[in-house]
Amino acid sequence: MPDVSFWTVVFLVVAAFSAGWIDAVVGGGGLIQLPAMLLGLPGATPAQILSTNKVSSLCGTATSAVTFGVKVRPDKRTVVPLAILAGLGSAAGALVATKIPMAWFKPIVLVLLIEVAIYTAMKPSLGARTALRFDGRDHYVAAAGVGVLIGFYDGAVGPGTGSFLIFALVGFLGYNFLQASAKAKIANVATNLGAIIIFAVHGAPLWTLGLIMGAANMLGGLLGARTAVARGSRFVRIIFLCVVSALILRLAYDVFFS
């Protein structure tokens with residue numbers, strides 16, 4: 001583990017708590033946590049930063065997933081294939097992460113996020129209530145497809161995974177924002193686990209720092225999940241648009257100025 005000062009740890013803990021809250025509500029906590037780690041750990045390798053970020057995020061997503069599971073009670077027949085395929089997809093993505101030029105993906109992700117933001121903003125009723133678009137087996141196959149595709153993206157690239165999961169569950173499958181956020185958190189636990197297993201085999205995670213940040217992320221995730229449940233789908237939709245807008249600005253900077 002690189003030499004880390006006390007105040008750097010404090011800085012990373014605060015970032016992890018904030019990321020946990022955002023992640024629990026709509027995903028996108030990596031907007032805060034990953035840049036903070038890049039600033040605080042200049043001597044760490046990319047694999048160490050990515051894998052330690054996953055360790056911390058897993059603690060928060062697991063906590064918020066349990067909270068959502070108890071209070072929202074998402075449909076297990078949808079969540080199980082979604083989570084399993086998302087985890088397998090994430091592991092596959094992590095395996096090929098070092099072989100994919102990031103320059104290929106960022107412009108595509110930027111365009112997709114802009115489309116997501118415009119579509120969500122132009123349809124105020126989107127995600128206000130659940131109106132499933134598929135029945136029976138077609139619904140579960142669609143959920144599994146969403147899981148494997150976005151899981152692969154999370155393992156290989158990462159930014160915006162939670163937002164893409166929620167949008168797919170709202171726009172493609174027809175859930176309201178609160179139900180979609182609950183299911184996305186459970187799937188996100190699986191994607192984090194899948195990637196961590198691959199990174200751990202190569203000895204990449206900084207376990208001590210990751211678990212310290214994970215405790216803060218867990219507290220943020222618990223608070224964020226309870227806030228989302230108490231405030232409902234309209235609140236989640238507003239935060240979703242804010243996070244997607246921030247992701248767009250961040251990726252636009254990377255594409256055009258980095």
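What FRET efficiency comes out for R77 versus A128 if R0 is 35 angstrom and r is the Cβ-Cβ distance? Round to the nearest 0.05.
Calculated value: 0.90.
Quick check on the chain: helices-only [θ] at 222 nm, where DSSP H runs of length 4 and up contribute -39,500 (n - 2.57) each and the sum goes over total residues. Nearest 500, please.
Dividing the helical sum by the residues of the chain leaves -27000 deg cm²/dmol.
Nearest 10 degrees, 0 to 90: what angle lies between the long axis of helix 46-71 and the longest principal axis of the chain (Cα atoms)?
Tilt relative to the chain: about 40 degrees.
If you take the beta carbon distance between F11 and L211 as r and set R0 to 22 Å, what does 1/(1 + (r/R0)^6) give as a FRET efficiency, to the nearest 0.05? Working shown, then result.
Values: r = 17 Å, r/R0 = 0.77.
The computed FRET efficiency comes out at 0.85.
What FRET efficiency do you get for D135 and F172 if R0 is 22 Å and r is their Cβ-Cβ distance, rounded to the nearest 0.05?
About 0.95, to the nearest 0.05.
Ignoring solvent entirely, what values of log10 I(q)/I(0) come out of the Debye formula for the chain at 0.11, 0.12, 0.14 Å⁻¹ when each Cα is a single scatterer?
Treating every Cα as an identical point scatterer, log10 I(q)/I(0) equals -0.53, -0.63, -0.88.
For L206, what residues show an amide H to amide H distance below 5 Å, using hydrogens built from the backbone and excluding near sequence neighbours?
T52
Run the dipole for the range 6-256 about the Cα centre, Lys and Arg Cβ at +1, Asp and Glu Cβ at -1, nothing else charged, and hand back the magnitude in debye, nearest 20. Mind showing how you got there, number by number?
Details: 18 positive and 7 negative charges, 124 e Å.
In debye, rounded to 20, the range 6-256 gives about 600.
Can you give me the relative contact order of the range 114-226 as a percent, contacts being Cα pairs under 8 Å and 6 or more apart?
26 percent
Report, ordered by chain and residue number, the aspartates and glutamates lying within cross-link reach of K183, taken as a straight Cα distance under 12 Å and ignoring same-chain residues fewer than 8 apart.
List returned: D75.
For the range 1-150, what is one quarter of the convex hull surface built on the Cα atoms, given in nm²?
Here the figure is 11.0 nm², rounded to one decimal.
In degrees, nearest 10, range 0 to 90: what is the angle between the Cα axis of helix 207-231 and the longest Cα principal axis of the chain?
For helix 207-231, the angle is close to 30 degrees.
In whole percent, what relative contact order does the range 6-256 give with Cα contacts below 8 Å and a gap of six or more residues?
Value for the range 6-256: 41 percent.
Which order do the peptides 129-136, 46-53 take when ranked by the mean count of other beta-carbon atoms within 10 Å per residue, highest first?
Per-residue mean Cβ counts within 10 Å order the peptides as 46-53, 129-136.
Rounded to whole Hz and in sequence order, give me ³J(HN,Hα) for the range 160-172 from the Karplus expression 6.51 cos²θ - 1.76 cosθ + 1.60, θ = phi - 60°, writing x for Gly and Pro.
x, 4, x, 5, 5, 4, 5, 5, 5, 5, 7, x, 9
All of the numbers you see were taken from the coordinates with simple rules; none came from a lab. Here the structure is a predicted model, which means the values were calculated and not measured. Reconstructed Cβ throughout: ideal geometry from the backbone, glycine too, with neighbour counts over all protein chains shown.
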